[in-house]
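One structure below.
The values are calculated or read from the model by the stated rules, or taken from the named source; none is laboratory data. This one's a predicted model, so the numbers in the text were calculated from it and none came from an experiment. Every residue, glycine among them, receives a Cβ derived from its backbone with ideal geometry; neighbour counts consider all protein chains shown.
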Amino acid sequence: MTIERADIEKLAELARVQITEENIASTTRSLADVLALVDQLQAADTTGIDPMAHPLDAVQRLRPDQVDEPDRREIFQALAPATEDGLYLVPRVIE
């Protein structure tokens, strides 16, 4: 895939970045290099290889699910301007 000047200008517009005349050529080369690497990766034979989320068989240690703080709901709701049935009442913002 070849990248044209118009492609770079359109990408810059979509990304809301300003590319100067001096940077267009180097940006074109950089994107062409990245796309060449993607083509090289896509050419690799991956038949019989399962997709994986992580290259290592690491297991994340989880902490026990325990409540660490006391229930201060009544204290916080006493400070609120308006509550009802344990819920905070707020002004309607969507019609």
Problem - Filter result for Asp39 (assigned to a helix (DSSP H, G or I) and not basic (Lys, Arg)) - result: yes
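Listed here are the residues, each with its yes/no results for (1) surrounded by 10 or more Cβ atoms within 10 Å (Cβ to Cβ); (2) outside any helix (DSSP H, G or I); (3) modelled with pLDDT under 90.
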| residue | (1), (2), (3) |
| --- | --- |
| Glu9 | yes, no, no |
| Leu14 | no, no, no |
| Val17 | yes, yes, no |
| Pro51 | no, yes, yes |
| His54 | no, yes, yes |
| Ile75 | no, no, no |
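Of everything in region 19-28, what is assigned to a helix (DSSP H, G or I) and either surrounded by 11 or more Cβ atoms within 10 Å (Cβ to Cβ) or among the hydroxyl-bearing types (Ser, Thr, Tyr) (or both)? Give them in sequence order.
Asn23, Ile24, Ala25, Ser26, Thr27, Thr28
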Exercise for the section: Determine whether region 54-70 contains at least one residue that is charged (D, E, K, R) and under 30 Å from Thr2 (Cα atoms). Expected result: no
